[in-house]
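Take a look at the structure set out below.
The values are calculated or read from the model by the stated rules, or taken from the named source; none is laboratory data. Because the structure is a prediction, the values reported are computed rather than measured. All Cβ positions, glycine included, derive from the backbone under ideal geometry; neighbour counts span all protein chains shown. With ligands, DNA and RNA removed, areas are computed over all heavy atoms of the protein, side chains included. Shrake-Rupley method; radii C 1.70, N 1.55, O 1.52, S 1.80 Å.
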Amino acid sequence: MNNFGGDWTESKIEILVEYAKAYLTIMNIYAHRYDWKLLYFDGFAGSGSIKKGNEQDEKIIIGAAARILEIDDPRSFDMYYFVEKEPNAKRLLETSTKLKFPQKNVYIANEDCNDKIHAMKDFLISKNGRKYKALAYIDPCGMQLNWSTLVALQKLSVDAWILVPTGMGVNRLLKSDGRISDAWLQKLENFLGMEKRDILSQFYVEKEVYTLFGTETVTTKKESAIEQSANLYMQRLGEIFKYVSKPYVLRNRMNSTMFHFFMVSNNREAVKIANEIVAKYNNRTNGTVKY
Ligand SMILES: C[S@@+](CC[C@H](N)C(=O)[O-])C[C@H]1O[C@@H](n2cnc3c(N)ncnc32)[C@H](O)[C@@H]1O
């Protein structure tokens, strides 16, 4: 069982399910008309259930994989592809997906999501794969998704919901004095698809300080690095996909921002629907959100 749920975990899954139902309703019409097939791809599928809360107030919620498999009205997907790197979680996932829904076309890969997104790209541009349209859910707990992986999805008929660890990931690596280890900088480079120099200039300012021994240059982290990283990622997504939704902001009980949840597509209507859903959930859980 995955153990990381806050209240936002449930909202995130509800957003995905609400969008998937709208997606299937619209795509059902086109699938009949053009003989399209529909693929659901989940790159960080988990163990099938999530433990949230603490010992006194514990709750187990059904993971996104089974929630998506449950949808039959107006139709289901033609193929479900789940990726889970951790062998134990993969085994548990099998029970709540493949074994629970034997009538559905379910594949589970025990591999790295980045590799499988590249493989999905190869499939979608192949002769057989060209009739498939895909809805992808990319829900890592950290910074495992490489920028080059997302670039592989450019120009494809893929709508993707992407969880971005702005507070949980990027902000934690951006040390306040700018002295970031080479390993962390490499991680930021892979994650943002940017060079070290450009990353540092996004998040830090250099100031001249007058001291007793002359002028010194001091590096300071800009305020609101979390919001800044959300804006940067949103802008970067816009360089790959034609449309990017406003984010659903996931905050913990202390009201600190942990993640931003975006939807990307090359279809304007798809992102319009995503924005309506995101606005509803942001109003419900976050009040007014600036974006
Ligand atoms: C946030 S959880 C997913 C929760 C799931 N979407 C759900 O609704 O239950 C992230 C999962 O990704 C898995 N994981 C971590 N790194 C991975 C990688 N590089 N490729 C695939 N899965 C990975 C973890 O083992 C973990 O189970």
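Screening GLU84 with (1) touching a residue at least 60 places away in the same chain (Cβ under 8 Å); (2) closer than 21 Å to THR9 by Cα; (3) open to solvent by less than 40 Å² (accessible area, probe 1.4 Å) gives one miss only, at (1).
Beta carbons closer than 7 Å, at least 6 apart along the sequence or on distinct chains, pair a first residue in the stretch 96-118 that is under 16 Å from TRP147 (Cβ atoms) with a second that is in a loop (DSSP other than H, G, I, E, B) and away from the ligand (no atom under 12 Å from the Cβ) for ILE117/ALA152; ILE117/LEU153; HIS118/ALA152. GLU195 meets each of the listed conditions (1) at positive phi; (2) modelled with pLDDT of 95 or more apart from (1). Residues in the stretch 144-167 that are open to solvent by less than 60 Å² (accessible area, probe 1.4 Å) and either more than 25 Å from LYS242 (Cβ to Cβ) or among the charged types (D, E, K, R) (or both): ASP159, GLY167. Taking the stretch 44-162 and the helices (runs of 4 or more DSSP H) fully enclosed by it, the elements with 1 or more residues that are within 16 Å of the ligand (Cβ to nearest atom), within 18 Å of the chain's Cα centre (by Cα) and of a type in the set (S, T, N, Q) are at 113-124, 147-151.
Results for (1) farther than 15 Å from LYS104 by Cα; (2) without any contact (Cβ under 8 Å) to a residue 12 or more places away in the chain, shown as yes or no for each residue.
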residue	(1), (2)
LEU39	no, no
GLY46	yes, no
SER49	yes, no
GLU58	yes, yes
ILE71	no, no
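Check the stretch 36-43 and report whether any residue there is in contact with a Pro (Cβ under 8 Å, 6 or more places away or on another chain), at pLDDT 95 or above and open to solvent by less than 80 Å² (accessible area, probe 1.4 Å). The answer is yes; a qualifying residue exists.
For a quick check of your reading: which strands (runs of 3 or more DSSP E) sit entirely within the stretch 198-289 and have at least 2 residues that are within 17 Å of the chain's Cα centre (by Cα) and over 20 Å from GLU18 (Cβ atoms)? Counting at least 2 such residues, we get 257-265.
Taking first residues from the stretch 177-196 that are open to solvent by 70 Å² or more (accessible area, probe 1.4 Å) and partners that are assigned to a helix (DSSP H, G or I), the Cβ contacts under 6 Å between residues at least 6 apart in sequence or on separate chains come to TRP184/LEU173; LYS196/LEU185.
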